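The values are calculated or read from the model by the stated rules, or taken from the named source; none is laboratory data. Owing to the predicted nature of the structure, the values given are computational and were not obtained by experimental measurement. Glycine also receives a Cβ, built like all others from the backbone with ideal geometry; neighbour counts cover every protein chain displayed. To get the accessible areas, we keep the full protein, side chains included, count just its heavy atoms, and leave off ligands, DNA and RNA. Shrake-Rupley method; radii C 1.70, N 1.55, O 1.52, S 1.80 Å.
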Amino acid sequence: MANSASGMKVSDECKLKFLELKAKRTYRFIVFKIDEKAQQVQIEKLGNPEETYDDFTSCIPDDECRYAVYDFDFTTEDNCQKSKIFFIAWSPDTSRVRSKMLYASSKDRFKREMEGIQVELQATDPSEMSLDVIQGRVNNL
């Protein structure tokens, strides 16, 4: 049984699919959900490489917390193709207080186990994780 101090266990499948996203670019994004009964973080949705940022945001529920990683491709001012792996902690104001606390207390453990996250974003409203925000973050790196 996980305790709130250490955070929820991250399933092996989560780690494996994240490695595939990072190393092989098999996925564009992964949406994760905490399963309270199983006491662990599990995969809710895998996004194919051809899916867009809009496809990704449409997978995020309006009123429930989620973790997500998104492999964002961009072109630098020097015209170099690059990508950054974003970690998004989605915690909408409309979600249950218990859920917000669970996701907040498990976030650090989740990030530790997902080695290779390059940019972190905390969002409570869709505007805080818009494509403009993502692009702004890579421009400031």
(request) Apply the Karplus parameterisation 6.51 cos²θ - 1.76 cosθ + 1.60, with θ equal to phi minus 60°, to every residue of region 94-100 and state each ³J(HN,Hα) to the nearest whole Hz, in sequence, with x for glycine and proline. (result) 7, 7, 5, 4, 4, 5, 4
(request) Taking 7 Å along the Cα-to-C-beta vector as the label spot, tell me the D93-Q122 distance in nanometres, rounded to one decimal. (result) 1.6
(request) Working with all protein chains in place, sort D125, D62 by solvent-accessible area computed with a 1.4 Å probe, largest first. (result) D62, D125
(message) Between D12 and A38, what is the label-point separation in nm under the 7 Å Cα-to-beta-carbon projection?
(response) 1.3
(message) Heavy atoms of the protein only, probe of 1.4 Å, neighbouring chains included. What is the accessible area of L141 in Å², nearest 10?
(response) 120
(request) Using label points projected 7 Å from each Cα along Cα→Cβ, tell me how many nm separate N79 and D108, to one decimal. (result) 4.6
(message) What aspartates and glutamates does K37 reach when the alpha-carbon gap must be under 18 Å and sequence neighbours fewer than 8 apart in one chain are set aside?
(response) D12, E13, E64
(request) Taking only protein heavy atoms into account and a 1.4 Å probe, give the accessible area per residue of region 93-135 in Å². (result) 61
(request) Determine the alpha carbon to alpha carbon distance for each of K33/K82; K45/K111; K24/K100; K17/K111 and list only those over 26 Å. (result) K33/K82; K24/K100
(message) Counting heavy atoms of the protein chains only and a 1.4 Å probe, report the per residue accessible area for region 4-73 as a whole number of Å².
(response) 49
